[in-house]
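The structure under discussion appears below in the form of structure tokens.
The values are calculated or read from the model by the stated rules, or taken from the named source; none is laboratory data. All figures in this text were calculated on a predicted structure; none of them were measured in a lab. Positions of Cβ are generated from backbone atoms using ideal geometry, with glycine treated the same way; all protein chains shown enter the neighbour counts. To get the accessible areas, we keep the full protein, side chains included, count just its heavy atoms, and leave off ligands, DNA and RNA. Shrake-Rupley method; radii C 1.70, N 1.55, O 1.52, S 1.80 Å.
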Amino acid sequence: MAVLAGAEPFAHTGSTEAGFLLCHGFTGTPASMRPWGDHLAEAGYTVRCPLLPGHGTRWQDMNRTGWEDWYGAVREELLALFATCDTVFVAGMSMGGTLTLRLAEEFGDRIAGIVLVNPSVLTLRWDAKLLPVLSRILPSVPGVANDIAKPGETELAYSRTPVRAAASLAKLWKLTRADLRKVTQPVLLLHSAVDHIVEPVNSQVILDGIGSDDVTEVVLENSFHVATQDHDAGLIFTRTVDFARSVRRAGQVDAG
């Protein structure tokens with residue numbers, strides 16, 4: 001299937017000193033990451049944001065993929081960044097945050113720091129427990145896109161949630177939660193005060209579970225779930241650059 005206009009992956013070639021891998025969310029596309037990526041590119045960073053398998057075409061395609069495919073895509077991009085940049089950061093929103101955490105768990109201090117925006121590692125929805133059964137009989141349910149407070153903003157994402165893919169996401173959540181203590185890099189976690197998709201308990205579970213000593217938490221007071229397209233987008237972007245600069249300065253002091 002052809003990729004939807006605006007859903008394409010993107011990359012910016014900047015400094016070989018530092019780069020960012022951006023990871024988009026479940027049923028979403030790189031469109032929600034593009035303004036963030038543009039800001040990082042303007043600050044001089046090399047940026048890569050892949051389109052996850054099964055995304056950006058039609059929701060039926062997602063049911064033919066699973067978390068291993070999504071993780072494999074971001075992992076491949078991360079390895080490419082390792083080959084071109086001295087210092088590498090990973091950032092993600094929603095499931096992109098889950099993938100970011102999983103990469104941090106696997107690669108340790110090869111990743112200089114991570115940025116999480118409304119990351120997910122669980123859900124309190126009662127029907128989530130039925131996903132393994134529902135995935136065999138129900139192709140899709142209503143989607144979760146467009147949780148944005150800012151008028152006029154639209155998320156480029158599926159209008160339906162593919163159930164088999166959702167069941168696979170639940171498996172990724174479980175694996176990621178079990179290894180949170182392996183996350184030891186500096187962490188910037190930004191989460192919305194009101195999020196209709198990812199419950200607030202997610203950020204608390206992450207903060208309680210990770211092994212990082214350097215953790216900064218920022219509450220986004222004026223945005224819903226898709227915060228990179230919402231009122232607090234500028235805050236996310238500037239705090240990300242400040243975070244990366246701080247981590248790099250600290251690394252130079254340690255090296256000296």
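Tabulated data
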{"item": "Long-range amide H partners of Val215 with built H, under 5 Å", "result": "Val187"}
{"item": "Lys171 - accessible surface, heavy atoms, 1.4 Å probe, Å² rounded to 10", "result": "130"}
{"item": "Separation in nanometres of the label points that stand 7 Å from Cα toward Cβ, at Asn222 and Ala250", "result": "2.8"}
{"item": "Glu199 paired with Arg58, simple spin-label distance in nm, labels 7 Å along Cα-to-beta-carbon", "result": "3.4"}
{"item": "The chain - percent relative contact order, Cα under 8 Å, separation 6 or more", "result": "20"}
{"item": "Charge dipole magnitude, Cβ of K and R +1, D and E -1 - segment 10-85, Cα centre, debye nearest 20", "result": "180"}
{"item": "Pair Val241, Leu138: separation of 7 Å Cα→Cβ label points (nm)", "result": "4.5"}
{"item": "Within-14-Å neighbourhood charge of Asn146 [Cβ basis; K, R +1; D, E -1]", "result": "-3"}
{"item": "Unit charges at the beta carbon, dipole of the chain: most positive-side option, Gln229, Ser159, Val205", "result": "Ser159"}
{"item": "Order of exposure, largest accessible area first, which applies to Met33, Met1 with probe 1.4 Å", "result": "Met1, Met33"}
{"item": "Förster radius 35 Å - calculated FRET efficiency between Glu153 and Glu76 (Cβ-Cβ, nearest 0.05)", "result": "0.70"}
{"item": "Projected-area mean, segment 1-55, by convex hull of Cα positions, square nanometres", "result": "3.7"}
{"item": "Accessible surface, 1.4 Å probe, highest first, among residues Thr84, Thr154, Thr240", "result": "Thr154, Thr84, Thr240"}
{"item": "Per residue, in Å², the accessible surface of the chain once ligands and nucleic acids are set aside, probe 1.4 Å", "result": "44"}
{"item": "Computed FRET value (nearest 0.05) for Ala83 with Thr184, which takes r as the C-beta separation and R₀ as 22 Å", "result": "0.45"}
{"item": "Trp70 - accessible surface, heavy atoms, 1.4 Å probe, Å² rounded to 10", "result": "0"}
{"item": "Area accessible to solvent at Asp38, 1.4 Å probe radius, in Å²", "result": "60"}
{"item": "Point-charge dipole on Cβ atoms (K/R +1, D/E -1) for segment 10-254, about Cα centre, debye to 20", "result": "820"}
{"item": "Angle in degrees between helix 95-107 and the longest Cα principal axis of the chain, rounded to the nearest 10", "result": "50"}
{"item": "Rounded to 5, the percent of DSSP beta bridges in the chain classed as antiparallel", "result": "20"}
{"item": "Compactness of segment 10-254, expressed as Rg and Dmax over alpha-carbon positions, Å", "result": "16.7, 57"}
